Amino acid sequence: MNIMSKPPLGLKQPKAKPNPAYLRKVRDLNCCICEAFGLPQLSGTTAHHPICGRFGNLKCPDHEAIPLCEGHHQGDFDTSKIAIHRDRALWVETYGPDTDWIAVTQDKIATTV
């Protein structure tokens, strides 16, 4: 972000508008981790809003969500995988920051339109 696009001091950046259509497209994809690492996807795909490098409690905009199976996302039902919300440090060490998968996801969605 260049300095000219920042709001004046004391004003927050405007929140991105919800994009449920994009999130549906993300959920239609296979888990990006299972696919990239040749793992079997044992659960449905969820839309994960990246959390690496994020400060505070601001959620990433919907157009930056990535597809993760339940095992790689929450790990509540599929405990056979490393879930980012259970052990972020191990997940990042194993697969890299979740933000690295945003462009891959956006490219897949752009080519399926």
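Across all directions, the average flat footprint of the convex hull enclosing the Cα atoms of region 18-74 is 4.1 nm². 3J(HN,Hα) along region 26-36: 4, 5, 7, 7, 6, 4, 5, 6, 4, 5, 5 Hz, from the Karplus curve 6.51 cos²θ - 1.76 cosθ + 1.60 with θ = phi - 60°, whole Hz, x for Gly and Pro.
Which order do I109, I84 fall in if you start with the one that has the fewest other Cβ atoms within 10 Å?
So the ranking, lowest neighbour count to highest, is I109, I84.
Rounded to the nearest 20 debye, the dipole magnitude of region 19-112 is 200 debye, with +1 charges on Lys and Arg beta carbons, -1 on Asp and Glu beta carbons, and the Cα centre as origin.
Each of Y22, L42, A110 was placed along the dipole of region 19-112 (beta-carbon charges, centred on the mean Cα), and the one lying farthest toward the positive end is Y22. For region 19-112, the extents of the C-alpha atoms along the principal axes are 32, 30, 20 Å, listed from largest to smallest. Remark: the A36-K59 segment gains 5.8 nm on full extension, using 0.36 nm per residue and subtracting the alpha carbon distance. Between D28 and K15, the simple spin-label model (points 7 angstrom out along Cα→Cβ) gives 2.7 nm. Arranged from fewest to most other beta-carbon atoms within 10 Å of their beta carbon, R86, R27 become R27, R86. Taking every C-alpha pair closer than 8 Å and separated by at least 6 residues, the mean separation divided by the residue count of region 19-112 gives a relative contact order of 27 percent. Applying 0.36 nm per residue to the separation of Q106 and H85 and subtracting their alpha-carbon distance, the gain on full extension is 5.4 nm.
Just so you know, all these numbers are worked out from the coordinates, no wet-lab data involved. Note that the structure is predicted; figures quoted are calculated from it, not measured. Every residue, glycine among them, receives a Cβ derived from its backbone with ideal geometry; neighbour counts consider all protein chains shown.
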